[in-house]
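Comments concern the structure below.
The values are calculated or read from the model by the stated rules, or taken from the named source; none is laboratory data. The structure displayed is predicted, hence computed values, not measured ones. We place every Cβ from the backbone using ideal geometry, glycine too, and count neighbours over all the protein chains shown. Side chains are part of the model used for accessible areas, which takes the heavy atoms of the whole protein and leaves out ligands, DNA and RNA. Shrake-Rupley method; radii C 1.70, N 1.55, O 1.52, S 1.80 Å.
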Amino acid sequence: MKNLILFFIISPFLGFIQGLKNYRESWAKNTVWLFVIFYGFTMAKPEIADSSRYVTQLKTLHNSEASWNTFVNTLYEVDDRGSGNVDIYQQIVTYVVSLITSNGDVLFAIFGAVFGFFYSRNIWFLLQSVRKDTLSWTSWMILISFMCAVGFWNLGGVRMWTAAHVFFYGAFLYLLEGKKKGLIFCLLSVFVHFSFVLPLGLFLFYILVKPSYKILFYIFLVSFFISSLKLTFINATIEAYAPDFIIPRVSNYASEDYAEVINDMNEKANWYIVYYNQALNWGLMLVFSIVFFKRKIATTLNESSIKFFGLSLFLLIVGNFLSGVTSGGRYLTIAQLFATASLLLITINYKDSWFRRKLILCAPFFIFFVIISVRVAIDTVTFDTIFFNPIIAVFANVRIPLIDFIK
């Protein structure tokens with residue numbers, strides 16, 4: 001506890017680094033948690049980002065002084081543009097904070113508290129599997145890839161990516177630790193972001209049907225090489241089966257107009273921004289193929305780890321198919337979160353030198369992904385986040401992204 005408080009007062013970023021370095025210490029995971037809270041307080045919130053929209057909503061609510069009953073009536077309400085407030089987590093937190101302040105830094109510090117809790121716990125779920133062994137550099141590489149799959153810098157998209165870590169937390173508890181309360185957290189993810197109805201349905205289907213990971217692997221290979229599904233088909237399916245209050249929001253995500261906006265953004269982005277997630281996907285495909293065809297590797301895993309491996313394949317299959325749909329790539333990102341975790345569990349359990357050499361050959365894909373993820377992070381990680389502490393950050397308020405110092 002002493003180290004935890006000391007690091008937070010002196011430098012939350014230093015605490016983050018020391019927490020990972022001393023991951024066996026009882027205080028370590030909470031230094032990561034506190035750093036994410038501090039990041040939420042100091043992060044940049046550019047006008048084009050969702051974070052700016054949430055701050056605007058906070059200020060509007062604070063100035064309007066809307067009653068609780070008035071606010072509740074807006075939940076699940078569909079407006080003239082076909083949009084509705086179906087993600088109640090962000091709505092409720094924003095409303096409660098608006099009763100106290102209109103400060104967006106405070107709002108995102110609270111968002112960071114929730115995101116950081118699940119983010120840090122998910123990392124330590126994996127670290128606790130190491131037991132008394134030490135992590136090799138390839139294991140660290142995969143762990144950092146896991147940390148980057150849905151990194152703390154995704155807090156700006158608070159709904160989707162908080163839901164991702166809540167869902168992972170629940171699935172890990174249920175499959176790896178055999179705790180039924182994990183199902184509750186999987187269910188709660190739907191209230192953080194409505195689109196987790198799909199991952200939740202896939203998870204329930206997986207644990208009920210129990211498909212063989214061998215069959216799933218071959219389907220995974222097929223899905224990997226299939227480019228995309230047509231938007232019109234996806235739209236028709238959504239409109240046929242989705243609940244009425246969800247249809248407007250999902251249809252907007254999958255619409256042709258929305259696709260044009262995203263494609264325009266991709267065309268303007270640097271090539272590495274477009275391809276770094278694909279690099280991770282290729283790395284996962286290659287290593288999973290090695291794991292599958294080297295049957296001895298699978299025999300070193302316990303039953304729960306094999307189930308988690310199978311779930312990762314199942315999510316990757318769906319993610320690959322949906323990646324061709326506008327915003328469908330989000331499901332692939334969720335699958336990558338599970339897949340990198342599953343891969344780390346495999347590397348920890350199987351220490352054969354032959355397998356390690358193959359991992360080294362695939363390492364460039366993961367290293368490229370991590371490097372570009374850090375590049376993405378510094379768009380919102382500010383000077384305050386790295387060099388200030390909570391006391392200075394309150395008064396100095398230098399919310400300048402690190403990328404501005406580099407360009």
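Here are a few things to note about the model shown:
- Filtered by the rule that a residue be polar (S, T, N, Q) and at pLDDT 90 or above, the range 79-136 gives GLN90, GLN91, THR94, SER98, THR101, SER102, ASN103, SER120, ASN122.
- Filtered residues of the range 132-190 (kept if more than 12 Å from ASN122 (Cα to Cα) and not in a helix (DSSP H, G or I)): LYS132, ASP133, THR134, LEU135, SER136, GLY178, LYS179, LYS180, LYS181
- Taking each residue of the range 133-156 that is over 14 Å from VAL370 (Cα atoms) and looking for partners that are open to solvent by 20 Å² or more (accessible area, probe 1.4 Å) and among the small types (Gly, Ala, Ser) with beta-carbon atoms closer than 9 Å, six or more apart or interchain, yields GLY156/ALA49; GLY156/SER52.
- Contacts under 8 angstrom Cβ, first residue in the range 203-228 being more than 14 Å from LEU315 (Cα to Cα), partner among the aliphatic types (A, V, I, L, M) and open to solvent by less than 80 Å² (accessible area, probe 1.4 Å), 6 or more apart: SER228/VAL325
- Residue match in the range 366-386 (condition: touching a Ser or Thr at 6+ places or on another chain (Cβ under 7 Å) and of a type in the set (D, E, K, R)): yes
- Within the range 178-202, considering residues that are more than 25 Å from LEU75 (Cβ to Cβ) and in contact (Cβ under 8 Å) with a residue 60 or more places away in the chain, the one surrounded by the most Cβ atoms within 10 Å (Cβ to Cβ): LEU202
- Residue match in the range 314-325 (condition: in contact (Cβ under 8 Å) with a residue 12 or more places away in the chain, farther than 24 Å from MET141 by Cα and either among the charged types (D, E, K, R) or surrounded by fewer than 18 Cβ atoms within 10 Å (Cβ to Cβ) (or both)): yes
- LEU200 being in contact with a helix residue (DSSP H, G or I) (Cβ under 6 Å, 6 or more places away or on another chain) and more than 21 Å from GLY112 (Cα to Cα): yes
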